[in-house]
Amino acid sequence: MGKQKRAQPELLPAKLLHIRKQLGLTQPQMLDSLKQDLSVGRISEYERGVREPNLIVLLHYARAAHVSTDEL
């Protein structure tokens, strides 16, 4: 138990990119709005599906887009 890799959400990167674009923000501006100690490169990694954001970051994205975290 715990040794198998969890499947990554397929649509999450596209949804995160869509949220940022809908808000009209650049990656550095999105980083500022998330109020997290992250680098701009991390936003890019989330949007490309290279890395999955933690729950706190997802919550901030959901709040910015006025959607529930379930929709992400």
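Can you tell me the length gained on complete extension of the stretch residue 10 to residue 64, counting 0.36 nm per residue apart and subtracting the Cα distance?
Difference between extended and current length: 17.3 nm.
Quickly work out the residue 18-to-residue 51 label distance, labels modelled 7 Å from Cα along the C-beta direction, and quote it in nm with one decimal.
2.4 nm
Name the most mobile residue of 59, 17, 38, meaning the one with the largest mean-square fluctuation, in a Gaussian network model of the chain with Cα contacts below 10 Å.
Largest GNM mean-square fluctuation: 38.
Can you give the accessible area of residue 60 in Å² (nearest 10), computed on protein heavy atoms with a 1.4 Å probe?
My reading of the accessible area for residue 60 is about 50 Å².
Which angle from 0 to 90°, rounded to the nearest 10, does the C-alpha axis of helix 55-65 make with the longest principal axis of the chain?
For helix 55-65, the angle is close to 40 degrees.
Using alpha-carbon pairs under 8 Å, 6+ residues apart, how would you state the relative contact order of the chain in percent?
33 percent
Among 28, 53, 13, which one moves the most in a GNM of the chain with springs linking Cα atoms closer than 10 Å?
Checking each option, the largest mean-square fluctuation is seen for 28.
The values are calculated or read from the model by the stated rules, or taken from the named source; none is laboratory data. Note that this is a predicted model, so its numbers are computed, not measured. So basically every Cβ, Gly included, is an ideal-geometry build from the backbone, and we count neighbours across all protein chains shown. Each accessible area value is taken on the protein alone, full model and side chains, heavy atoms only, with ligands, DNA and RNA left out. Shrake-Rupley method; radii C 1.70, N 1.55, O 1.52, S 1.80 Å.
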